[in-house]
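This report concerns only the one structure given below.
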Amino acid sequence: MQRNADWTQDLSCSVCHDIFTEPVALHCGHSFGRTCVHKYGRGNIIQKCPICQKVTHTEPQTNFTRKSLSEIYKQRSPVDPPGGQRNYSLHQSSQTPSYIRENREPFQRVKQFCDSSVEHIKNQRRDTEKKIKDDFEELHGFLKTEEAARIAALEEEETQKIGMMQKITEISSDTFLVSDTVKDMEDLGVDRSFLQNFKTEMERTQNALPDPRLLPQALINVSNHVGNLQFRVLEKMLSIVKHTPVVLDPNTASPWLSLSEDLTTVTLTDTPQQLPGNPERNTSCPQVLGCEGFDSGKHSWEVVVGNQPGWILGVAEEAQDRKEEIPQNGRYTITTSNRGYTDVKGNLLLERPNRIRIELDYENGTVSFHDADNNTSMLTYEERFTQKLYPYFAFVETNDNEGYDDDEEIQINKGEANSSGGQIEICESEVSLTVT
């Protein structure tokens, strides 16, 4: 009875508690039977809502949604009180209709997913905000340091230029004093030969004074300090700016995977994380996709794998159901195992590079893999692509037995990884400015 009341309360009038016959909605959002609204407001000049007492200025409109649900309920309700007249009172309903019972479990799953997602969304917002603040703090620190250095250089040039002017002024003043001394010596009748030698030395000193018109950069070189300042600072900022052509999508990552803050490194963990089972998340296998899919153009990225066993790299079509393994015919990948590297058909490749470059040419229908250290080709798929392709990263179980069968397919790890702690890192790309 109580459970029935929980879900049928929206189908009954709050005044008479009967199932709606002609429900109307007031401006405040509450719904009642039209008869009850008229009875409640009879004799009152101002019409008010029976629950919240908000004033209603116009005739309430029929709530067609609740009317339709109420009619469905009445048609399916098995309750027939004595007397042949059904009583659709909320408190007398004793059995939940079958269509409600059948949908209760899906409703519960949706509610559980929403509840878990709310907390995860809060954590995502908090962690993302921290990362944004940290990155901007680094940029702010760089700009403050650069500003201080450029102001210091300006002050240093000011000191040098003023010092030079003051030195020239002092020399000029000393020359004028010597000239006065020579005049005094002439008045005193000093020996002419001595006086002549003194005048010669004084003239040589005067000739050594620089001509103000010939002084190099007598003033501060303003253009050197402010010309294209922002561009030059931006060029220098490239030394701390990082860019990777592919960024991982944390919303697709399996609970068995941990992603770095900058979303460029994926690590296989010992235990699964508590993550919501959102539709795009890969929950059956330790795999993750890039955040951006490609349906045109040429794209390239490099991945550091080293000697780590048990991984798959390449591109994959966007799966409709991320709860299942992405089908083989939707993947264009390279796989590592104890045998070496293989393609999706298990064909063995001889190269074992430290870095792998993956190139996608969508229009020409090719996905190629290269040893990035010596720029040699390892494998190329040729296909006519019809769906969007996403960068694909996964971990697999490797067979540690000596007698590994070359025809045996490698299996995607379902979480019981013997390569726990494995790591795949996407390489940074060179960043440069181009002026046109």
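The table for this structure:
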| item | result |
| --- | --- |
| Extension gain (nm, one decimal) between GLU158 and THR35, 0.36 nm per residue minus Cα-Cα | 35.3 nm |
| Cross-link pairs beyond the 21 Å C-alpha cut-off, checked among LYS298/LYS388; LYS133/LYS242; LYS111/LYS388 | LYS111/LYS388 |
| Potential extension, THR366-SER223 segment - 0.36 nm per residue separation minus Cα distance | 46.4 nm |
| Rounded to the nearest 10 Å², the accessible area of ASP127 at probe 1.4 Å | 90 Å² |
| FRET efficiency, 1/(1 + (r/R0)^6) with R0 45 Å, evaluated for ALA148 and GLN273 via beta carbons | 0.55 |
| Computed accessible area, GLU170, all protein chains, 1.4 angstrom probe, square angstrom | 100 Å² |
| Sequence of LEU219, LEU238 when ordered by accessible area, the most exposed leading, probe 1.4 angstrom | LEU219, LEU238 |
| Computed E for LYS74/LEU259 - FRET, C-beta separation, R0 45 angstrom, nearest 0.05 | 0.25 |
| With all protein chains modelled, accessible area of SER429 [1.4 Å, Å²] | 40 Å² |
| R0 of 45 Å, Cβ-Cβ distance LEU349-ASP295: FRET efficiency to nearest 0.05 | 0.95 |
| Rounded percent of accessible protein surface that carbon and sulfur make up, segment 211-310, 1.4 Å probe | 54 percent |
| Heavy-atom accessible area order for VAL222, VAL246, largest first, 1.4 Å probe | VAL222, VAL246 |
| Protection-proxy order for peptides 370-376, 19-25, each taking the mean of Cβ atoms within 10 Å per residue, highest first | 19-25, 370-376 |
| Additional length obtainable on full extension of the chain from LYS131 to GLN108, 0.36 nm per residue less Cα span | 4.8 nm |
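The values are calculated or read from the model by the stated rules, or taken from the named source; none is laboratory data. Source: prediction; values computed, not measured. For neighbour counting, all protein chains shown are included, and Cβ atoms are generated from backbone atoms with ideal geometry for every residue, glycine included. Surface areas here come from the heavy atoms of the whole protein model, side chains and all, with no ligands, DNA or RNA. Shrake-Rupley method; radii C 1.70, N 1.55, O 1.52, S 1.80 Å.
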